[in-house]
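J.: Quick one: the structure is below, and I'll ask about it shortly.
The values are calculated or read from the model by the stated rules, or taken from the named source; none is laboratory data. Model, not experiment: these values are computed from the prediction. Heads up, the Cβs are rebuilt from the backbone with ideal geometry, glycines too, and the neighbour counts pull from every protein chain shown. Surface accessibility is based on the protein's heavy atoms, side chains included, excluding ligands, DNA and RNA. Shrake-Rupley method; radii C 1.70, N 1.55, O 1.52, S 1.80 Å.
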Amino acid sequence: MIDPGGATNGAISGADAGPAGRRGSTAIESAYTILRGRIVEGVYSQGSKLHLENLKSSLGVSGSTLREALTRLMADRFVVAEGQKGFTVAPMSLSDLEDLTSARITLETSALAESIKLGGDAWEDNLVTCFHRLARAQERLEADPASAFDAWEVRNKEFHEALVAASPSNWLRNFRQILFQNSERYRRLSGTHGPIPVDVHREHEEIFAAAMARDGDRAAEALAHHIQRAANVIRSNALLKA
């Protein structure tokens with residue numbers, strides 16, 4: 001097992017250029033992004049303790065910068081603080097997944113309904129582009145799930161963002177993004193255990209067709225079913241405890 005904080009993805013570069021305020025902001029953002037990636041990818045397993053000294057060394061940042069990054073990760077529910085015991089990676093469980101899935105369905109279907117109602121030609125054009133990119137990534141994923149998952153996840157994220165891009169609510173988009181990022185930990189767990197179901201792409205096709213037809217009810221139903229898939233896969237394969 002890799003020691004949390006001991007991974008060597010490289011120290012943060014470029015953080016010392018520019019004005020002092022921008023240097024600090026850039027370093028915090030870089031540390032946050034790297035740590036979040038390690039958590040999502042499972043480099044730091046759920047419930048594992050994050051050793052601050054090791055993290056400062058591997059990231060090449062100060063203690064204050066690291067704590068700011070960890071505070072952001074706490075706000076986004078990737079990290080939890082245990083009083084004076086420090087920080088640990090947020091645990092994963094079926095109950096958390098069910099809560100996360102329910103909340104995500106509520107927010108994402110609402111944002112999709114707004115996009116279908118308000119989106120114009122630019123929204124449609126972007127959605128078409130993102131869907132076709134996702135379709136190509138899906139083909140590669142079905143051929144080699146382990147090595148192609150990261151590229152597929154990028155295209156999957158782009159497609160889901162394109163679906164809701166015309167929603168005018170900044171708060172709705174912000175909370176939806178947090179939920180989507182947290183659900184990536186679970187998607188990776190379900191997506192890298194066994195072959196990717198061909199049904200995943202058929203679900204994307206159904207969501208896409210309904211959105212392009214401006215059928216809000218059908219699109220919302222298809223999207224809710226699609227979001228529920230990861231929870232169903234994880235539950236049926238007993239990949240997590242309750």
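J.: Just in segment 142-230: which trypsin sites (Lys or Arg not before Pro) are loop by DSSP and have at most 16 other Cβ atoms within 10 Å? Spell out each step's value before the answer.
T.: On the way: sites: Arg155, Lys157, Arg173, Arg176, Arg185, Arg187, Arg188, Arg202, Arg214, Arg218, Arg229; in loops: Arg214.
Filter output for segment 142-230: Arg214.
J.: Also, quick follow-up: Could you give the spread of the C-alpha atoms of the chain along their three principal axes, from largest to smallest, in whole angstroms?
T.: Per principal axis, max minus min of the Cα coordinates gives 53, 45, 34 Å.
J.: A further question follows. With the cut-off at 28 Å, tell me which of the pairs Lys85/Lys241; Lys85/Lys157; Lys49/Lys241 have Cα atoms farther apart than that.
T.: Over 28 Å Cα-Cα: Lys85/Lys157.
J.: Carbon and sulfur atoms: what percent of the 1.4 Å accessible area of the chain do they account for?
T.: It is 52 percent, rounded to a whole number.
J.: Which residues' amide hydrogens lie under 5 Å from the amide hydrogen of Val79, considering only partners 5 or more residues apart or on another chain, with H built in the peptide plane?
T.: When sequence neighbours closer than 5 places are left aside, the close amide H contacts are Met74, Ala90.
J.: Springs between alpha-carbon pairs under 10 angstrom, Gaussian network model over the chain: which of Val43, Val89, Val79 fluctuates most?
T.: Answer for the Gaussian network model of the chain: Val43.
J.: Along Cα→Cβ, 7 Å out, is where each label goes; now give me the distance between the ones at Met212 and Thr33 in nm to one decimal.
T.: 3.3
J.: Counting heavy atoms of the protein chains only and a 1.4 Å probe, report the per residue accessible area for the chain as a whole number of Å². Provide the component values of the computation, followed by the final result.
T.: On the way: 12110 Å² over 242 residues.
Per residue, the chain has 50 Å² of solvent-accessible surface.
J.: In addition: I'd like the orientation of helix 145-163 relative to the chain: the angle between its Cα long axis and the longest Cα principal axis, in ° from 0 to 90, rounded to 10.
T.: It works out to around 60 degrees.
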